[in-house]
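Notes follow the structure.
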Amino acid sequence: MIIVLQAEATSDQVDHIVERLTEMGLKSEVSRGIKRTVIGVIGEEDVVRNAPLRAMPGVEDVVPILKPYKLASREFQAEDSVFDLGHGVTIGGGALAQIAGPCAIENEDVLREIAQSVRAAGANILRGGAFKPRTSPYSFQGLGEDGLKMLRTVGDELGMPVITEVMDPRQVELIDRYTDIFQIGARNMQNFNLLSEVGGTSRPVMIKRGMSASVNDLLMSAEYILASGNKQVILCERGIRSFDPSTRNVLDLAIVPNVKGLSHLPIIVDPSHATGRPELIPSMALAGVAAGADGIHIEVHCRPEEAASDGQQALLPAQYAEVMQQMTQMAELLGKTIPQPEGATV
Ligand code: PEP
Ligand code: MN
């Protein structure tokens, strides 16, 4: 249920409504928009439905949200969410995130070499996995905390915010000490304990769509994080499983305008994991920007044949620079910007 307040409602009235809802055992989330303040009411359906919400001073209307996700919905917040990701980089509201880096952090020198190349090409966020969700227990599992230290060091050298995957609720505290943004991988999209745990932090979280997750499933997972108190959730389309092995996954680009209608949260497109084929990545990255994505996520490696993970889909720095140039032109055409990190030292 959403309580739409009168344009002239006072902050005392807002406080009073929130107090009354709490007394009724209901949770409330106040969203102060440019034109209106609305209060999202969450709790047992029956209690919400029977609460005398319309009678409270300052209330103009009470609107049921029929969708199962509430805080993630457009009804709850009409304006696009815009988040500050650190170092002057924002996402949403016309600011494009350009996330790039190796799949896995292998050692500091290689990470630095890749990071310098993507930064020089205009990337504004550095990625690198320190805890890797590998299909085989015999594959490289990541450098753990040593990798996190390297990521932080190189990110700071270049003035770039960093993103890295968290796989387990027990890793949240450790990773929180090193990263600017948490990444929840496709395999963990419905690890609800993990979602609640990152929901208890104050860092932005990028949640990747599960391999066979519906749009509704993805938004419900975002809702878990939002309901735990963390409002900074970024969605990511990374392709879904299909019958056709010609690409690693199937990139569902329609999810971008689809989600834009349903939710205020930003959405990123990851053509690397979606296609698994370097020759397809540039065109799908451009298509992602054209579809209205708030950012693009691409894996890059200087020597893909030596990569510890996902080398077969890595773009070379020169290929990345070329597609970045094209994405920059397309962004200009669409009236969007790619914010460059403050104090970058390439
Ligand atoms: C990754 O980003 O390296 C990764 C493992 O992605 P996904 O969770 O989408 O497979
Ligand atoms: Mn990868």
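Here are the numbers for the structure shown:
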read-out: Looking only at segment 204-217, and only at residues there that are in contact with a helix residue (DSSP H, G or I) (Cβ under 8 Å, 6 or more places away or on another chain) and without any contact (Cβ under 8 Å) to a residue 40 or more places away in the chain, the one that is surrounded by the fewest Cβ atoms within 10 Å (Cβ to Cβ); value: MET211
read-out: Boolean, ALA308 is within 16 Å of ligand 2 (Cβ to nearest atom), open to solvent by 30 Å² or more (accessible area, probe 1.4 Å), of a type in the set (A, V, I, L, M, F, W, C) and under 20 Å from GLY129 (Cα atoms); value: yes
read-out: Those residues of segment 125-139 which are touching a Leu at 6+ places or on another chain (Cβ under 8 Å) and within 12 Å of ligand 2 (Cβ to nearest atom), in sequence order; value: GLY128
read-out: Residue ranges of helices (runs of 4 or more DSSP H) in segment 220-320 with at least 3 members hydroxyl-bearing (Ser, Thr, Tyr) and closer than 30 Å to VAL41 by Cα; value: none
read-out: Segment 242-262: number of residues that are within 16 Å of ligand 2 (Cβ to nearest atom) and either touching a His at 6+ places or on another chain (Cβ under 7 Å) or open to solvent by 40 Å² or more (accessible area, probe 1.4 Å) (or both); value: 2
read-out: Set GLN232, GLN313: member being within 16 Å of ligand 1 (Cβ to nearest atom) and closer than 20 Å to GLU165 by Cβ; value: GLN313
read-out: Near pairs, Cβ below 7 angstrom, 6+ apart or cross-chain, from segment 180-193 (within 24 Å of GLY86 (Cα to Cα) and polar (S, T, N, Q)) to any residue that is open to solvent by 10 Å² or more (accessible area, probe 1.4 Å) and part of a helix (DSSP H, G or I); value: none
read-out: Breaking point among (1) touching a residue at least 24 places away in the same chain (Cβ under 8 Å); (2) open to solvent by less than 20 Å² (accessible area, probe 1.4 Å), for GLN116; value: (2)
read-out: Index of the failed condition, THR201 passing every other in (1) among the polar types (S, T, N, Q); (2) open to solvent by 30 Å² or more (accessible area, probe 1.4 Å); (3) away from ligand 2 (no atom under 16 Å from the Cβ); value: (2)
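The values are calculated or read from the model by the stated rules, or taken from the named source; none is laboratory data. Since the model is a prediction, treat every value here as computed from it, not as a measurement. As a convention, Cβ positions derive from the backbone with ideal geometry for all residues, glycine included, and neighbour counts pool all protein chains shown. Heads up: the accessible areas ignore ligands, DNA and RNA and are worked out on the full protein's heavy atoms, side chains in. Shrake-Rupley method; radii C 1.70, N 1.55, O 1.52, S 1.80 Å.
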